[in-house]
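The values are calculated or read from the model by the stated rules, or taken from the named source; none is laboratory data. Every value quoted in this text rests on a predicted model; they were computed, and no experiment measured them. Note that we place each Cβ from the backbone using ideal geometry, even for glycine, and neighbour counts take in every protein chain shown. What goes into the accessible areas is simple: the full protein's heavy atoms, side chains included, and nothing from ligands, DNA or RNA. Shrake-Rupley method; radii C 1.70, N 1.55, O 1.52, S 1.80 Å.
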Amino acid sequence: SASADGSVKTWEIAAASFTANLAGHGSQIYGVAFSPDGKLLASASNDKTIRLWDVEKKAAVRVVSTQQQPVYGVVFTPDAKSLVIACADKAVKLLNLENGAELRVYKGPEFPVYSVSLSPDGRTIAGGGVGLGPNRPIFIWNIDSPDPVKKLDGHKDDVYRVRFNAAGNKLLS
């Protein structure tokens, strides 16, 4: 779970309390994601950092990246070598997990992006967030290209979450 108190907590589903309290962020945490093997956890925060945690050791591994503005969303690629992040600086970015280097910045959004999702095959990214007037678009990208392949209009207010289904052929927003 991600919290406004700056903590990330892991929980056992059957337990009545949390199993780890991962502290280190200096502000609210907006997004969390498990690596595909479940061994790592990434967290995105208002403190402008993306942090990596070892789930078994219940400890910080490192700060993957520090951005210019808050980071709202994070998701691992299926190979666990990269992260896709959603940022307040109007960007969706692909980051190298090992060194935090920006591999790609995806074009299109004109306002902060609150949420990102990656299709199960790791080929398609969806991102949504803030807009202006009656339009809050969701952008769709091929992971290998910075240019959007599709722009989905229809929301009249901010988009807080986008998620692909397990087959990768439908998107919830």
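Annotations
- Only listed residue being of a type in the set (Phe, Trp, Tyr) and under 22 Å from Ile29 (Cβ atoms), chosen from Tyr72, Tyr106: Tyr72
- When each of Leu172, Leu83 is tested for being among the aliphatic types (A, V, I, L, M), in contact with a Phe, Trp or Tyr (Cβ under 7 Å, 6 or more places away or on another chain) and free of Cβ contacts under 8 Å to residues at least 60 places away in the same chain, the lone residue that passes is Leu83.
- Of all the listed residues (Lys57, Lys90), the sole one being open to solvent by 60 Å² or more (accessible area, probe 1.4 Å) and out of contact with any strand residue (DSSP E or B) (no Cβ under 9 Å at 6 or more places or on another chain) is Lys57.
- Pair list, Cβ < 8 Å and 6+ apart or interchain, from the range 1-23 residues that are hydrophobic (A, V, I, L, M, F, W, C) to residues that are assigned to a loop (DSSP other than H, G, I, E, B) and open to solvent by less than 40 Å² (accessible area, probe 1.4 Å): Val8/His25; Ala23/Gly6
- Criterion: part of a strand (DSSP E or B) and in contact with a His (Cβ under 8 Å, 6 or more places away or on another chain) - qualifying residue of Arg136, Arg104: Arg136
- A single member of Tyr72, Tyr30 is open to solvent by 50 Å² or more (accessible area, probe 1.4 Å), touching a Phe, Trp or Tyr at 6+ places or on another chain (Cβ under 6 Å), aromatic (Phe, Trp, Tyr) and touching a residue at least 24 places away in the same chain (Cβ under 8 Å), and it is Tyr30.
- Residue that is in a loop (DSSP other than H, G, I, E, B), touching a strand residue (DSSP E or B) at 6+ places or on another chain (Cβ under 9 Å) and of a type in the set (Ser, Thr, Tyr), where the choices are Ser145, Ser115: Ser145
- Being open to solvent by 70 Å² or more (accessible area, probe 1.4 Å) and basic (Lys, Arg) is a property that Arg51 lacks.
- Residue count for the range 93-112, restricted to those that are free of Cβ contacts under 8 Å to residues at least 12 places away in the same chain and either of a type in the set (A, V, I, L, M, F, W, C) or surrounded by 14 or more Cβ atoms within 10 Å (Cβ to Cβ) (or both): 1
- Close pairs (6 angstrom Cβ cut-off, 6 or more residues apart or separate chains): more than 14 Å from Leu118 (Cα to Cα) in the range 141-158, of a type in the set (D, E, K, R) and in a strand (DSSP E or B) anywhere: Pro146/Arg104; His155/Arg136; Asp158/Arg136
- Every residue from the range 148-171 that is assigned to a loop (DSSP other than H, G, I, E, B) and at negative phi: Lys156, Asp157, Asp158, Val159, Tyr160, Arg161, Val162, Asn165, Ala166, Ala167, Asn169, Lys170
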